Every structure is written in C-alpha cells, then in structure tokens.
Amino acid sequence: MAIEIKNLEQLKSMRKAGLVVAETLKLIKEQAQIGMTTLDLNDLAITNLAKHGATSSFLGYHGFPAVICASVNEEVVHGIPNKRKLTSGDLLSIDFGAIIEGWHGDAAISFGLGDVDPADQKLMDVCEESLWRGIAAGKKGAKLTDISAAVEGYINSQGRYGILREYGGHGIGSAMHQEPHILNFGPAGNGPELTVGMALAIEPMITRGNAKTKVLGDDWTVVAHDSSNGAHFEHTYTIAPDGKVFVLTAEDGGAQKLGQLGVEISDLL
Ligand code: MG
C-alpha cells in the first residue's frame with residue numbers, strides 16, 4: 001500500500017490535532033499525582049478533547065476502551081486505564097491520539113512520580129533522546145530505516161536496553177495507523193525514500209531488561225517478559241512542502257530539540 005501524502009492544508013489540520021495531543025499530555029504530566037489513578041488521567045484527556053472539539057484516535061480502536069493508554073512500570077505500552085492508585089516511584093507511560101477535521105495526531109510520554117529510581121530516569125531520558133535522533137535522521141531524501149538505525153544506535157550507545165521488536169512506529173494521517181511500519185532497530189539505508197507530505201509517528205519503546213514482551217489477559221497491556229520497567233516516547237512529524245521537518249505533536253514544532261541536533265524546522269505549520 002502506498003504511503004499517504006498530505007498537502008499543506010491537510011498538514012495544518014494534523015497540526016491542530018497535534019497541538020491538542022501536546023497540550024493534553026502536558027496537562028496529564030502536570031496534574032498526575034500520587035494517589036490518583038490512571039482512570040483519573042483518562043478523564044483529564046476526555047475533558048481536554050471535548051474542550052477542543054476533538055475526538056479520540058484510541059477509543060473504540062479494535063475495541064480499546066479508553067482515550068489514553070496508561071502503562072505503569074513493567075507495563076511498556078497499551079495499558080488500559082484502571083482504578084489502581086499510583087504510588088511514589090511509579091513510572092508512567094501515557095500514549096494519546098486526537099482527531100480534528102478527520103486528521104490524527106499521536107504522541108506518548110513517560111514520566112515518574114515522586115521518588116524516581118535514577119535508572120528509571122535514565123531509561124526515560126535515553127528513550128526520549130532516541131526519538132529525537134530518529135526524527136533528525138528522517139529528513140527529506142533519507143531512507144525509512146535511517147530512522148530505525150538512528151534510534152537503535154543512540155539507545156545502544158547509552159547502555160544495555162531492550163528495544164521492543166514486535167512494536168514500532170507508523171505512518172499517520174487520515175487514519176492513526178498507516179503504512180509504513182517503522183522499526184526501532186536495524187540497518188540504515190532501506191525502505192522507501194522520505195518525501196514531502198509524509199507524516200510518520202516515531203515511537204521507541206525500551207526496557208531496562210531484555211526486549212521480550214508478553215500481552216496480559218486483558219488482550220492489550222504489553223509487559224516486559226522479565227518484568228523490567230519500560231519507557232515509551234512518541235511524536236508525529238512531517239516533511240513539510242518546503243522540505244523541512246516539523247513535529248506536529250510538539251508545542252514548538254520540535255524547534256528546540258531538533259535545533260540541538262542541527263536540524264532546522266519548517267515555518268509553514
Ligand atoms: Mg503511535
């Protein structure tokens with residue numbers, strides 16, 4: 001299947017969705033507290049979607065029952081919000097998608113509550129930076145797996161982490177999950193050439209142990225097989241009509257983080 005190419009007008013709709021996603025994730029991180037539940041965080045997201053006239057990319061997706069994925073500690077991705085109270089030291093990964101004017105934005109963050117294990121903090125920092133390295137490698141004219149190699153290369157340079165192999169990034173636009181699938185590992189130089197109008201969600205998922213995972217009995221929650229803690233960061237970005245990248249789900253379009261990596265962002269969005 002071909003990769004969907006968006007025009008500037010469509011990308012502007014994706015930017016609106018991306019800003020709702022950015023604002024909602026920021027809100028969740030600011031308001032999350034010990035003693036709250038991940039269902040409380042889901043409620044925050046529901047309220048913020050409504051405030052912007054946006055709808056959820058996740059609710060009802062293959063039957064998913066919530067608007068966020070909330071994965072705690074050894075849960076790496078796809079956790080279903082529940083009533084368990086959050087405690088000090090918990091590592092949360094929150095994934096969220098929104099639709100505006102039929103166009104999707106998808107992003108994820110990890111953060112700790114209270115007294116965070118420094119090794120968990122490093123896990124999150126490595127995961128987040130690998131995401132930015134991946135986007136920086138995914139410029140116009142690059143090959144798809146240049147992203148994969150950049151993500152993996154950075155993670156492996158920082159220590160021994162398990163990079164999930166069964167899950168990866170994806171094309172995004174008029175649907176949340178589109179072609180191409182984007183691995184977080186493997187050699188550079190393969191796959192389609194990246195061109196103007198593509199929009200991709202890059203989402204490294206790593207653990208402090210090995211990469212092997214299993215899905216819990218709820219048919220959604222992905223946990224590390226060795227019960228080690230996991231982290232997950234994600235952004236939706238595009239290659240704008242001027243040939244420059246722009247991170248649709250980052251408040252500043254990625255200006256700061258990509259600037260540090262020597263990548264200039266588009267000013268069209
Ligand atoms: Mg995604």
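Points to keep in mind about this one:
- Any hit, segment 237-257, residues being within 16 Å of the ligand (Cβ to nearest atom), without any contact (Cβ under 8 Å) to a residue 12 or more places away in the chain and surrounded by fewer than 22 Cβ atoms within 10 Å (Cβ to Cβ): no
- Residue 122 being open to solvent by 50 Å² or more (accessible area, probe 1.4 Å), out of contact with any helix residue (DSSP H, G or I) (no Cβ under 9 Å at 6 or more places or on another chain), of a type outside the set (Ser, Thr, Tyr) and outside any loop (DSSP other than H, G, I, E, B): no
- Yes/no for residue 75 being acidic (Asp, Glu) and surrounded by fewer than 16 Cβ atoms within 10 Å (Cβ to Cβ): no
- Selection of segment 94-104 for residues being away from the ligand (no atom under 16 Å from the Cβ) and acidic (Asp, Glu) yields only 101.
- Enumeration of residues in segment 169-193 that are within 17 Å of residue 211 (Cβ to Cβ) and part of a strand (DSSP E or B): 169, 181, 182
- Test: residue in segment 133-140 that is touching a residue at least 60 places away in the same chain (Cβ under 8 Å), within 16 Å of the ligand (Cβ to nearest atom) and part of a loop (DSSP other than H, G, I, E, B): yes
- Output for segment 136-152, where each listed residue is within 9 Å of residue 184 (Cα to Cα) and touching a strand residue (DSSP E or B) at 6+ places or on another chain (Cβ under 9 Å): 145, 147, 148, 151, 152
- Across segment 178-188, the number of residues qualifying as within 14 Å of the ligand (Cβ to nearest atom) and surrounded by fewer than 16 Cβ atoms within 10 Å (Cβ to Cβ) comes to 2.
- Single unsatisfied condition, residue 166 versus (1) farther than 25 Å from residue 67 by Cα; (2) part of a loop (DSSP other than H, G, I, E, B): (1)
- Among (1) touching a Phe, Trp or Tyr at 6+ places or on another chain (Cβ under 9 Å); (2) farther than 24 Å from residue 212 by Cβ, the one test that residue 99 misses: (1)
- Close Cβ contacts (under 7 Å, 6 or more residues apart or on different chains) running from residues in segment 31-47 that are polar (S, T, N, Q) to residues that are open to solvent by 40 Å² or more (accessible area, probe 1.4 Å) comprise 37/82; 37/83; 37/84; 37/85; 38/82.
- The one condition from (1) surrounded by fewer than 20 Cβ atoms within 10 Å (Cβ to Cβ); (2) closer than 28 Å to residue 161 by Cβ; (3) under 20 Å from the mean Cα position of the chain (by Cα) that residue 34 does not meet is (3).
- Exactly one residue among 157, 227 is open to solvent by 30 Å² or more (accessible area, probe 1.4 Å), over 18 Å from residue 130 (Cβ atoms) and of a type in the set (Gly, Ala, Ser), and that residue is 227.
Conditions tested, residue by residue: (1) more than 15 Å from the ligand (Cβ to nearest atom); (2) among the hydroxyl-bearing types (Ser, Thr, Tyr).
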residue	(1), (2)
86	yes, no
90	yes, no
106	no, no
110	no, yes
114	yes, no
127	no, no
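- Residue match in segment 217-225 (condition: closer than 25 Å to residue 24 by Cα, away from the ligand (no atom under 15 Å from the Cβ) and in contact with a Lys or Arg (Cβ under 9 Å, 6 or more places away or on another chain)): yes
- Hey, residue 173 away from the ligand (no atom under 16 Å from the Cβ) and either open to solvent by 60 Å² or more (accessible area, probe 1.4 Å) or farther than 27 Å from residue 122 by Cα (or both) or not: no
The values are calculated or read from the model by the stated rules, or taken from the named source; none is laboratory data. Fair warning: this is a prediction, and the values are worked out from it, not measured in the lab. Every residue, glycine as well, gets a Cβ built from its backbone with ideal geometry; the counts of neighbours run over all protein chains shown. Heavy atoms of the whole protein, side chains included, go into the accessibility calculation; ligands, DNA and RNA do not. Shrake-Rupley method; radii C 1.70, N 1.55, O 1.52, S 1.80 Å.
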